[in-house]
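Take a look at the structure below.
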């Protein structure tokens, strides 16, 4: 009898620990799936945002997902790694993923390029952890809307970042005030992605 009582605390702790671990693991799995689902939706929303044929104000998450799954084509060698939107079987727009190290953390986004492979249709940053109010402004409309209608240059920098107040060319946008490092890094991320894309679709030096 005494031997059974000595084992009881050990068995109790084992059962309690197993039960608690099961709850924690279950909660973690549910949370992870939710985080992954939110990240996937943010990516889809960014793709739709840079394709003017698909983008509209006030789209619900469900409508964004529907438009992405039904009207956006996955990347392939012919698209240079970009997602595409097609009309009458022809590519009408590219949504090119951009990804690189920001000042504090990775920056991920999508840059839209028209069927002419020269005109920028938009940019959407869907993941970043730059300083709020400074580098974090790259995810806000005032910064991003600058890219709409810009022309990709055939020079070393397809898109150039200039200091606020300086004259802008057709292939230039303003950097974020007070966020030099974030701006420099994002400029590099964008241009590296565009140059790689051009090489893959045979467009290097074609944008004049």
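Here are some notes:
- Qualifying residues in segment 163-190 (those that are touching a residue at least 24 places away in the same chain (Cβ under 8 Å), surrounded by fewer than 16 Cβ atoms within 10 Å (Cβ to Cβ) and part of a helix (DSSP H, G or I)) - the one farthest from the chain's Cα centre (by Cα): 181
- Test: residue in segment 29-39 that is assigned to a helix (DSSP H, G or I), modelled with pLDDT of 75 or more and on the phi < 0 side of the Ramachandran plot: yes
- Hits in segment 98-122 (condition: under 23 Å from residue 182 (Cα atoms) and surrounded by fewer than 18 Cβ atoms within 10 Å (Cβ to Cβ)): 99, 100, 101, 104, 105, 106
- If you go through segment 73-83 and pick out every residue that is outside any loop (DSSP other than H, G, I, E, B) and over 15 Å from residue 42 (Cβ atoms), you end up with 4.
- Of all residues making up segment 55-80, the number that are farther than 17 Å from residue 147 by Cβ and either in contact with a strand residue (DSSP E or B) (Cβ under 7 Å, 6 or more places away or on another chain) or buried (at least 16 other Cβ atoms within 10 Å of the Cβ) (or both): 12
- Breaking point among (1) in contact with a helix residue (DSSP H, G or I) (Cβ under 8 Å, 6 or more places away or on another chain); (2) surrounded by fewer than 18 Cβ atoms within 10 Å (Cβ to Cβ); (3) not in a loop (DSSP other than H, G, I, E, B), for residue 131: (3)
- Of the candidates 140, 146, 90, the single residue that is within 18 Å of residue 189 (Cα to Cα), out of contact with any helix residue (DSSP H, G or I) (no Cβ under 9 Å at 6 or more places or on another chain) and surrounded by fewer than 16 Cβ atoms within 10 Å (Cβ to Cβ) is 140.
- Pairing residues of segment 73-86 that are without any contact (Cβ under 8 Å) to a residue 12 or more places away in the chain with residues that are part of a helix (DSSP H, G or I) and exposed (fewer than 13 other Cβ atoms within 10 Å of the Cβ), at Cβ distances under 7 Å and at least 6 apart in sequence or on separate chains, gives no pairs at all.
The values are calculated or read from the model by the stated rules, or taken from the named source; none is laboratory data. Fair warning: this is a prediction, and the values are worked out from it, not measured in the lab. A quick note on method: Cβ atoms are made from the backbone with ideal geometry, for glycine too, and the neighbour counts reach across all protein chains shown.
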